[in-house]
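The values are calculated or read from the model by the stated rules, or taken from the named source; none is laboratory data. The structure presented is a predicted model; accordingly, all values stated were derived computationally and were not measured. With ideal geometry, Cβ positions are generated from the backbone for all residues, glycine too; neighbour counts draw on all protein chains shown.
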Amino acid sequence: MIHVQGLVKSFGALRAVNDVSFEIERGMTFGLLGPNGAGKSTTINMIVGVLAPDAGSINIDGASSRIEARRCIGVSPQSIALYPEFTGLENLRFFASLYGFKGKLLARRVDWALEFSGLADRARDRVSEYSGGMQRRLNLAVALIHEPRILLLDEPTVGVDPQSRNHLFECIEQLRAEGLTIIYTTHYMEEAQRLCDLVAIMDNGRVLDMDTVDGLIQSHGGASVIQVDLEHPPPPGANLPGTIDGATLRIETDDPVAQINSLHDQNIAFKTLELHNPNLETVFLTLTGRRLRDE
Amino acid sequence: MNNILTMAKKDLLLLWRDKFGVFWILLFPLMFALFFGSIFGGGNGGGSSGMDVAFVDLDNTEHSRRFITLLGEKDAIDLEQPPEGAPWTVETAKEAVLSGDAVAYVVLPEGFGGAGGMAMFTGNTPEVEVGVDPSRTAEKGFLEGLLMEASFRRLQDSFADPVSMRPDIAQMKQDVLADQDMGDQWRSTLMTFFDSLDTFAGMADEAIQTEEESGGDASEAPDMSPIKIRHEDVVKRSSGPLNAYEISFPQAIIWGIIGAAAGLAMMLVQEKTRGTWVRLRLGPHTTAQILASKGLSCFAACIITIVLLLFVGHLVLGVRVGSWIGLAMAVASSAACFTGLMMIFATLGKTEQAVAGWAWGGMMPMAMLGGGMVPLMMMPSWMQTMSNISPVKWAVYSMEGAIWRGFTLEKMLLPCFILLAIGLAGFLFGVVVLSRREG
């Protein structure tokens, strides 16, 4: 559905996007994961046609023109792209009318958007009076007002309280279930892990690797780590897996459940046991030598 | 085209919801017009001022002075004072009309006061010369009417005081007898009339004395008015401003459209800083169409501003419109000019503060130089020449041309063409620069 090949974009001496390629199938949720400044938003802006790439090509569902491509894409930008002087209703009406909706069809789409965002009872309040979470939900609803086939979500949860974040996740999962193709950029690995079918790890304008979440973890996450705080330091020469440092035992394993069962079978008493499974954070650390949220 | 209209409508609604913006676009200009209008006009409340008339009194008698005083007491006439205190001569009075200091001049010839205003009975009717610009037909007729009214008033005064009329009657009888050119029959008729008049005056004298001796009121004489005057409203035409608001409103309009253009330039940048620009660009239209909508909203905002201010000026404060077609040309070309300027200023900064600084900082000197603060007509000639470089001058000039300068449509073309050229150049510059920035 979306085919991106060899995208390059520079701003002066800075190469913001460097030879980025990927392909997204219909109905897939594709995650672009990377720290701030990795080149995610620039890539998104080139896909929607706001920025012209220096090199490379983009094909969106076979659209023959930029305007035709835009009609099938809905974008929820990173910033709240709404008119705070307008009410929620006025914002929805305005953006819907840009796509040619009018009359009953317009009213039906606006009603749907208000219902979807849970703002029906605040529709006639000015956006400036909304909470951050409500503004985010309306931002998403405006992106969907013209019934796009592709939805681009650029860091949709930045600055959102946990309750609104959960509401947003539920909305996105609903859209995903309805078969919408979604491109999701984030620097929160748990979001990518929860929502995305396919994840591309980006840093310094490059895609470092791209796979399913499990595939990436398997390739770059390494083993799980079990850290056990023992009741008594083991006697010298005891046959324990892993490495021992005083009363702390550390085991790296691909099968943590089997290891824990083995410790139990050996009657090893411990105060605490911690299990660290590899995740996208670990993947990013392995690929770049840095943590995702260092930036 | 629909999207251009939708986006322009949205911008106008946003502008209207910005209370601070509305103050600068409508309320401040209105306050400006009222304040400076009342200063320039001495607070005449917008009512018409009197017609300045220079009276040349060659007769210089009590009757002629009384005649001038009678006219001067009328609201419709202001007695123009002669320069340096010397009495008016025909030459200086003519010069006053030519230079626009007076609307008209009136010459009262020698012998004007003879026969107490009844010289018409002796065939020696004084000939009053009235000098008015030929284009001022209304003033000419109005002034003639006032002169006739005052003449009859003088006659009425004579009949109201018959005793004082008797020496004049004796003088007129002598003049009639001395006139060799007069036919015998006409002389006989007039002598009979004057004898009857003298008899009437004598009887009136006796009646007054009798009334006074019996303790009655001698002033209760019957109304002897020779004619009745019916007053007609006369709309004055002039080549100068009728009232000070005709000067202050074009200036105020400039401040209104500067406010509108600055507000929309800031709004364009605001779209970018708040992210709605990206959303607009993602819509099914081109960047050029978005910029066209910005131009259209600025043009419409300027038109609305001008029309609303002129509406108040015309209906409430008596600002006339000399030429409605000329005014439409001035309004449209001024709005186009400031739309172009808006586009230029929108390219000069990347933040609202920067654009606001450029817009107000750029347009303020233009307004100062172009007659937005000091009226063009009050500027020294060197400054009037310099003001040609300011678009504000051409906007003010075109509006004044349509309001009170009496420009023909042909004469309106130059300022309107200059304004349109600036507007078009500015708009194209803005579109090219902004489009390039968008890649």
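Quick notes on this one:
- Of the numbered criteria (1) among the acidic types (Asp, Glu); (2) more than 10 Å from chain B (Cβ to nearest Cβ); (3) within 24 Å of A:Gly34 (Cα to Cα), the one A:Asp154 fails is (2).
- If you go through region A:1-52 and keep only what is of a type in the set (D, E, K, R) and under 27 Å from A:Gly289 (Cα atoms), you end up with A:Lys9, A:Arg15, A:Asp19, A:Glu23, A:Lys40.
- Taking the numbered list (1) out of contact with any strand residue (DSSP E or B) (no Cβ under 6 Å at 6 or more places or on another chain); (2) assigned to a helix (DSSP H, G or I); (3) in contact (Cβ under 8 Å) with a residue 60 or more places away in the chain in turn, A:Pro35 passes all entries but (2).
- Test: residue in region B:299-307 that is assigned to a helix (DSSP H, G or I), within 23 Å of A:Ser128 (Cβ to Cβ) and not charged (D, E, K, R): yes
- In region A:7-22 there is no residue that is buried (at least 21 other Cβ atoms within 10 Å of the Cβ), away from every other protein chain (no Cβ under 14 Å) and either free of Cβ contacts under 8 Å to residues at least 24 places away in the same chain or not in a strand (DSSP E or B) (or both).
- Remark: A:His232 falls outside the filter, which requires a residue to be part of a helix (DSSP H, G or I) and over 26 Å from A:Gly159 (Cβ atoms).
- Residue within region B:347-357 that is more than 14 Å from every other protein chain (Cβ to nearest Cβ), small (Gly, Ala, Ser) and surrounded by 21 or more Cβ atoms within 10 Å (Cβ to Cβ) present: no
- Index of the failed condition, B:Met363 passing every other in (1) free of Cβ contacts under 8 Å to residues at least 12 places away in the same chain; (2) surrounded by 17 or more Cβ atoms within 10 Å (Cβ to Cβ): (1)
- Test result for B:Ala359, touching a Cys at 6+ places or on another chain (Cβ under 6 Å) and in the same structural domain as B:Leu30 (by TED's automatic domain parsing): no
- Looking only at residues of region A:253-287 that are of a type in the set (A, V, I, L, M) and part of a helix (DSSP H, G or I), we find that the one that is nearest to A:His220 (Cα to Cα) is A:Val283.
- Filtered residues of region B:1-49 (kept if within 14 Å of another protein chain (Cβ to nearest Cβ) and at pLDDT below 80): B:Met1
- The sole residue among B:Val374, B:Val392, B:Val396, B:Val331 that is within 17 Å of B:Gly256 (Cα to Cα) and part of a loop (DSSP other than H, G, I, E, B) is B:Val374.
- Qualifying residue in region B:311-318 (condition: closer than 20 Å to B:Ala421 by Cβ and in contact with a helix residue (DSSP H, G or I) (Cβ under 6 Å, 6 or more places away or on another chain)): no
- Any hit, region A:31-48, residues being within 14 Å of chain B (Cβ to nearest Cβ) and in contact with a Phe, Trp or Tyr (Cβ under 9 Å, 6 or more places away or on another chain): yes
- Members of region A:58-112 that are under 16 Å from B:Asn3 (Cα atoms), in a loop (DSSP other than H, G, I, E, B) and facing chain B (nearest Cβ under 10 Å): A:Tyr99, A:Gly100, A:Lys102
- For A:Asp121, the test of being at pLDDT below 95, more than 21 Å from A:Asn166 (Cα to Cα) and more than 11 Å from chain B (Cβ to nearest Cβ) is failed.
- B:Pro284 satisfies every condition listed in (1) surrounded by fewer than 21 Cβ atoms within 10 Å (Cβ to Cβ); (2) part of a helix (DSSP H, G or I) except (2).
- Criterion: touching an Asp or Glu at 6+ places or on another chain (Cβ under 8 Å) and at pLDDT 70 or above - qualifying residue of B:Val103, B:Val128: B:Val103
- Matching residues, region B:386-430, being buried (at least 18 other Cβ atoms within 10 Å of the Cβ), closer than 11 Å to B:Gly340 by Cα and aromatic (Phe, Trp, Tyr): B:Phe427
- Only one of B:Val316, B:Val321, B:Val307, B:Val269 that is surrounded by fewer than 21 Cβ atoms within 10 Å (Cβ to Cβ) and either more than 28 Å from the chain's Cα centre (by Cα) or over 19 Å from B:Cys416 (Cβ atoms) (or both): B:Val316
- Selection count, region A:93-112, where residues are surrounded by 18 or more Cβ atoms within 10 Å (Cβ to Cβ) and farther than 10 Å from A:His146 by Cα: 2
- Boolean, B:Leu280 is of a type in the set (A, V, I, L, M) and either modelled with pLDDT under 85 or under 28 Å from B:Leu27 (Cβ atoms) (or both): no
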